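The values are calculated or read from the model by the stated rules, or taken from the named source; none is laboratory data. These figures come from a predicted structure and were not determined experimentally. With ideal geometry, Cβ positions are generated from the backbone for all residues, glycine too; neighbour counts draw on all protein chains shown. In case anyone asks, the SASA skips ligands and DNA or RNA and just uses the protein heavy atoms, side chains included. Shrake-Rupley method; radii C 1.70, N 1.55, O 1.52, S 1.80 Å.
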Amino acid sequence: MGYNLPVIAVVTRETRLQHLKSRWVTFKQAAFRLSNAASNELERRRQSMKTGSFDEVRENMLADAHADDDDFLFEDNNYQQAVMDLNDDLDLGYPVTQVNRQHVANFDFGRCLAVVVIGQDGLVANTAKYVGDLPIIGINPDPTRHDGVLLPFSVGDARRMVQRVIKNSYQTKSVTLAEVNTNDGQRMLAFNDFYVGAKSHVSARYTLEYDGEVESQSSSGVLVATGAGSTGWLSSVFNMFHGMQRFFGQQAPSSSVQMNWSDGQLFWAVREPFISRHSSAGMTAGFLNQGNELVIGSQMGTEGVIFSDGIESDYIEFNAGTIARFSVSRQKAHLVVA
C-alpha cells in the first residue's frame, strides 16, 4: 500500500473508564474509590437526618448509582468493540488512521479523503473546526446511550457512507461556524459557541463594540453562539431571563432565540452584566450577520480566555492589549446525512 494514498481519519475519544484509570491506574482501584465514596456519603446522610426521616431503600439506591462501576465497564467495552468493528469495516484500500480527541487540533487533515467520528455529539462539534471542507461522517457507537443529533449513522453504516464519499455521491448538511480573530494573529472557530471572559469565577472586564457603539462592561462573560449552539449554553441565559419574568408575573416569549444551523447568523449575549461607575449594561445581546463584527477588547490583567464549544483546555489568552473580532466564518462544517 503506497504511502502517498489519502487516508481515512477515524476520530475517537476516551471513555469515562479510561479517565478513571488515568487517575487510579487500575479498574479495581477506581471501583474501590467509587464504592468507598458512595458508602461514606450514605453514612453521612444517615447520621445527618433526623430519626425516622431516613429512607433506607431510597438512599441505598442512590448509593448504588454513585458506585455503579459496572456501567463504566459496560460503556467502555461497547465503545472499544465499536471502534474495532469500525476499523475492520473500513478496509477499503486506503490507510485508516485513528486520531484521539486530544490530537485533533494538531492532526493534518489535509491528507484525508473522509473523516469518520465515532461519537458523542460533542466530538463531532470539536472535530468540525479543524477539518476544513472535508465531509464528516458521524457514527453513534451506542444508540441506547447517546441521542446522536450529530451521529446519524450506526457502525454498520460506516463502510457504505465512506464509499459514497470516495465516489462523491453523498449529501451533506452545511453548518455555519463562528470565527474569532485577534489583533495578535490568533484565530479560532466554534461549532456551537464561544465563551469570552475570565478563567476563574471572577468578573470579566472588557470593552464591547457593536453596531457603532462602545461601552465598558463587567460581567460573567460573553457568549457568541451559532444556530447549532443556540439550544445549548446560550439557552441557559434565556432560562434565567424567563424564570425572572415568571417570578415577577410577566409573560415570557419563546424559550430561546431561533436560528437554523445553516443561517449565516450568530447571536451574542452578555452573562450577568454588572453596572457600576466603571461598567455599563446598555448592550447585552444582538445578532451578528454575515459581514458584521462584535469587537471585544480585554481589560483584564490576567486569567482572560476565549474558548469554543466548552473545550476550556484549548483557549486563546485574552488579557489587556488583546482585541478580539467575532464574525460569521466563511468556513462551514459539512455533515454527511445520506
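Observations on the model:
- The relative contact order of the chain comes to 19 percent, based on Cα pairs under 8 Å that sit 6 or more residues apart.
- Alpha-carbon centroid distance for the pair the stretch 278-337 / the stretch 101-177, whole angstrom: 26
- Rolling a 1.4 Å probe over the protein chains gives Ile139 an accessible area of about 0 Å².
- Where both bridge residues fall in the chain, DSSP classifies roughly 75% of the beta bridges as antiparallel.
- Given R0 = 35 Å, the distance between the Cβ atoms of Leu92 and Ser236 translates into a calculated FRET efficiency of 0.25.
- 222 nm mean residue ellipticity, helices alone, for the chain (DSSP H n ≥ 4; -39,500 (n - 2.57); rounded to 500): -9000 deg cm²/dmol
- Considering only alpha-carbon pairs that sit under 8 angstrom and 6 or more positions apart, the relative contact order computed for the stretch 181-289 is 27 percent.
- Volume per residue that the Cα convex hull of the stretch 121-194 spans, once the total is divided by residue count, Å³: 99
- Dipole moment magnitude, nearest 20 debye, the chain about Cα centre, only Lys, Arg, Asp, Glu C-beta charged: 200
- For the cross-link pairs Lys21/Lys332; Lys129/Lys173; Lys129/Lys199, the ones whose C-alpha atoms lie over 25 Å apart are Lys21/Lys332.
- Cα centre as origin, Lys/Arg/Asp/Glu Cβ charges: the stretch 183-232 dipole, Debye: 300
- Gained length - Gln29 relative to Leu5, 0.36 nm times residue gap less alpha-carbon distance: 4.2 nm
- Ranking Tyr210, Gln120, Gln29 by Cα position along the charge dipole of the chain, where only Lys, Arg, Asp and Glu carry charges on their C-beta atoms, puts Tyr210 farthest toward the positive end.
- Rg [Å, one decimal], Dmax [Å, integer] - the chain, C-alpha atoms: 23.3, 74
- 5 angstrom amide H check on Gln98, placed H, neighbours 5+ away: Val10
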